[in-house]
Amino acid sequence: MNLREELKMSLANEYLPPLIEKTFSEMRARITEIEREAGDRERIATAICDYVSAFIAAESKSLASSLYTKLSEETLGKEPFITARNQNKFYEKDIWAMIFDKYSFAIQEKIDYKQVNENIDALPVPLGAASFGIILSIALSKAIIIPIALIVAGGLYYFIRENKKTANTDNFVFAIDSYLESIKSGLMVWFEHIENFYHEQVEEVKVSLKE
């Protein structure tokens, strides 16, 4: 069984989708308000991206914490972690702290959209809803993973910028909604990546128990 097949059976896929759907429903409602309030397209783009990046940074941290709790409960309920000694070894590893350090959940107080756009322009990213997944994949392949808030804000702003010439407002709104769907799918990949990292650390603890 390859890694992708394993990930399809992951706890993240089983547990997180309804929570992510709820998060995005709340976010869409606020975005609709921003579209009515913000005025011109440039202000709409900046206001939406600032809001979405901050909201997703906060919510993704909460969801990752919930996922970690579920994973650790499952781990500690099975061999070899049912003994107090081995559970202590698990806690000493402090996998949540490692996840927190590796996958930055920081809210970006001020995003330099000009710099972000220059960086994205340099990537082989086709315009469209699929572009977020490509940006995310590139980010996850790096040794230092880029904060999720910056990936979301940068990709969304780039997409809005490229679509802002659309004359029909309904089409513009539809384009944003389509891109949000790609962000939702991309976040599942991100959480699966976190879950895989968790299991790698658990395996290291298991090896240490044999030493």
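Per-residue surface analysis assigns Met27 an accessible area of about 0 Å², computed on protein heavy atoms at 1.4 Å probe radius. Ligands, DNA and RNA excluded, the heavy atoms of Lys206 present near 60 Å² of accessible surface to a 1.4 Å solvent probe. Listed cross-link partners Lys78/Lys184; Lys70/Lys184; Lys61/Lys93; Lys89/Lys184; Lys61/Lys206; Lys70/Lys206 are compared with a 30 Å cut-off, the Cα-Cα value being larger for Lys78/Lys184; Lys89/Lys184. Using a probe of 1.4 Å, the accessible surface attributed to Tyr51 totals some 50 Å² when neighbouring protein chains are kept in position.
3J(HN,Hα) along region 87-104: 5, 4, 4, 4, 5, 4, 5, 6, 5, 4, 4, 5, 5, 4, 6, 6, 10, 5 Hz, from the Karplus curve 6.51 cos²θ - 1.76 cosθ + 1.60 with θ = phi - 60°, whole Hz, x for Gly and Pro.
The values are calculated or read from the model by the stated rules, or taken from the named source; none is laboratory data. This structure is a prediction, so every number in the text was calculated from the model and none was measured. Areas reflect the complete protein model, heavy atoms only, side chains present, ligands, DNA and RNA absent. Shrake-Rupley method; radii C 1.70, N 1.55, O 1.52, S 1.80 Å.
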